[in-house]
Amino acid sequence: MKKFQSLTEIQSALANRQLSMVDLVQYYLSNIETTKHLNAYVEIYEAAALDHAKQLDAKYKDNPETVGRLFGMVISIKDVLCYKGHQVTAASKILEGFTSLFTATAIQRLLDEDAIIIGRVNCDQFAMGSTNENSVYGPVLNPIDNTKVPGGSSGGSAVSVKSDTCLASIGTDTGGSVRQPAAFCDLVGIKPTYGRVSRYGLLAYASSFDQIGVLSHTVRDAALILEVMAGEDEMDSTSSQKPVESYSTSLQFERKAKIAYFDTALEHEGIHPEIKSTLSTLIQQLEGNEHEVQKVSFEYLDYIIPAYYVLTTAEASSNLSRYDGVRFGYRNKAAKTLEEVYRYSRTEGFSPEVKRRIMLGTFVLSSGYYDAYYTKAQKARQLIQQKTLEILQDFDYILMPISPTPPWNLGENADDPVAMYLSDIFTVQANMVGIPAVSLPLGYHSNGLPIGVQFMANRFEEASLFAFSEYIFNNYCS
Ligand code: GLN
């Protein structure tokens, strides 16, 4: 079977009766089998997906008008999203054997539009990481070069799409976890505005940063999936009441854009020369086509990572306190007292990186240190927000790299958490501010690995961001 890159292609093959949903699911299942070594899947819903495909084929045959907007869409979901009756573990031992009691709103909305879920994919434990090495299921390999990391934390999501085992994947992005693996695996990734998609049924990492996003081959598929998932939800009070625009049908971009980029980003000392030159070429091409591209100064870039790791670890320390060995998942059997249950279960259940963050977060919230760290980081966030939104009053988009370096070797930064944290320098800002951001597959390094470019827009400007992304994708991405 030919490799499908978009839902449009699949839907036309279905309409021409060249393809059935059963064929398609079987094709993906066989690809899952042949790409097992990449370690993207932690659970495959083989029987259920085939069954669902059969039902949808029958429904379509009966009356093609009755199928949903996502008929033909086969997706994988990151192991932090609840799907009733299915296990969810956040790639952690602490949730061993835990079964979701309800379905995340975002996932339910996809199902309601006739998407098929083919499996649950690997990720960094509790979505903490940038390489998908921090998982109880072991590392995920980059399908383009198996010695490299696929990015994280939604590494399994990116790999499942890139290795043609599904058409799109649902990931989450707290500081770059959709965009960075999308860039490392040559895909499109979107992190929407904070509050655009309900977080109900998402295992929380840092609640004021977390958003559910999409990884796909095309901008249109990401736009369509997002418009299905987005919108108000009474189960999440932070979900926005703003109506959702039809992103996928307003992808034409025919005007001149006003784009800002930061001197501190493109001239950052840590940025790889090939990434810098690829992005500089893009800037020249955009200017050549009469878009206005301006270098602006942004003096806060180096404060973003420290502030992010204070605030997210503080939130994580609180969110993860619920995993106590009593109510969910793993419990140490030898523990004799309540204190031992907590201590042993958490010690054995969480990975070293998750424990590091819980301890850091507990520390920055502790009395005597709260003002010095937590309050200060809140102030930094405020300043970063103000300045970014100010820039977005004058410009339509902000152009940024995704990662300062190409995908690195498996194991390379594993012993150096700070080096790992610093790799998030260009993606965290969108989460700090709550604005939407995309990652687009722009070009390639001389070693054949992909280079992504990021665009951010103002809050709830997804429609404009998608249209511009489609334009960039069609005209500048190789
Ligand atoms: N790499 C970042 C972190 O470890 C981002 C993770 C994410 O977006 N979930 O926190």
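The values are calculated or read from the model by the stated rules, or taken from the named source; none is laboratory data. Predicted model, so just to flag it, every value in this text is computed and none were measured. In this analysis, Cβ positions are derived from the backbone assuming ideal geometry, glycine residues included, and neighbour counts consider all displayed protein chains.
Yes or no: the stretch 255-271 includes at least one residue that is away from the ligand (no atom under 16 Å from the Cβ), basic (Lys, Arg) and without any contact (Cβ under 8 Å) to a residue 60 or more places away in the chain. Can you show your working first?
Taking the stretch 255-271 as the starting set, the residues that turn out to be away from the ligand (no atom under 16 Å from the Cβ) are 255-269, 271.
Subsequent filtering for residues that are basic (Lys, Arg) retains 255-256, 258.
Those left that are additionally without any contact (Cβ under 8 Å) to a residue 60 or more places away in the chain: 255-256.
Scanning the stretch 255-271, I find at least one residue that is away from the ligand (no atom under 16 Å from the Cβ), basic (Lys, Arg) and without any contact (Cβ under 8 Å) to a residue 60 or more places away in the chain, so the answer is yes.
Just to verify a result, which residue in the stretch 417-442, among those that are assigned to a helix (DSSP H, G or I) and of a type in the set (S, T, N, Q), is farthest from the ligand (Cβ to nearest atom)?
Restricting attention to the stretch 417-442, the residues satisfying the condition of being assigned to a helix (DSSP H, G or I) are 417-422, 428-433.
Now drop any that are not of a type in the set (S, T, N, Q), which leaves 429, 431.
Working: GLN429: 12, ASN431: 7 Å.
Among residues in the stretch 417-442 that are assigned to a helix (DSSP H, G or I) and of a type in the set (S, T, N, Q), the one farthest from the ligand (Cβ to nearest atom) is GLN429.
Here is a list: GLU299, GLU340, GLU348. Which entry is more than 16 Å from the ligand (Cβ to nearest atom), closer than 18 Å to PRO401 by Cα and among the charged types (D, E, K, R)? Show your work before the answer.
Values: GLU340 fails: closer than 18 Å to PRO401 by Cα; GLU348 fails: closer than 18 Å to PRO401 by Cα.
Matching residue, one of GLU299, GLU340, GLU348: GLU299.
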Query raised in the report: Out of VAL341, VAL326, which single residue is surrounded by 13 or more Cβ atoms within 10 Å (Cβ to Cβ) and over 28 Å from the mean Cα position of the chain (by Cα)?
Result: VAL341
Query raised in the report: Within the stretch 52-68, is even one residue surrounded by 14 or more Cβ atoms within 10 Å (Cβ to Cβ), in contact with a helix residue (DSSP H, G or I) (Cβ under 6 Å, 6 or more places away or on another chain) and not in a helix (DSSP H, G or I)?
Result: yes
**Report entry** Neighbours by Cβ (under 7 Å, 6+ apart or cross-chain): first from the stretch 72-99, of a type in the set (Lys, Arg); second assigned to a loop (DSSP other than H, G, I, E, B)
**Finding:** LYS78/CYS123; LYS78/SER154; LYS84/SER100; LYS84/LEU101; LYS84/PHE102; LYS84/THR103; LYS93/VAL136; LYS93/TYR330
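Mind checking which residues of the stretch 252-267 are in a loop (DSSP other than H, G, I, E, B) and surrounded by fewer than 19 Cβ atoms within 10 Å (Cβ to Cβ)?
Restricting attention to the stretch 252-267, the residues satisfying the condition of being in a loop (DSSP other than H, G, I, E, B) are 252-257, 267.
Listed by number, the residues that qualify are GLN252, PHE253, GLU254, ARG255, LYS256, GLU267.
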Report task. Inspect the stretch 303-314 for any residue being in contact with a Ser or Thr (Cβ under 6 Å, 6 or more places away or on another chain) and in a helix (DSSP H, G or I) and give the result as yes or no. Result -> no
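Would you mind finding the one in GLU267, GLU234, GLU245, GLU227 that is at pLDDT 95 or above, farther than 30 Å from ILE10 by Cα, among the acidic types (Asp, Glu) and out of contact with any Pro (no Cβ under 6 Å at 6 or more places or on another chain)? Steps first, please.
Values: GLU267 fails: at pLDDT 95 or above; GLU245 fails: farther than 30 Å from ILE10 by Cα; GLU227 fails: farther than 30 Å from ILE10 by Cα.
The unique qualifying residue is GLU234.
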Query raised in the report: So which of THR131, THR99 ends up being more than 20 Å from ILE10 (Cβ to Cβ) and either modelled with pLDDT under 95 or more than 16 Å from the ligand (Cβ to nearest atom) (or both)?
Result: THR99
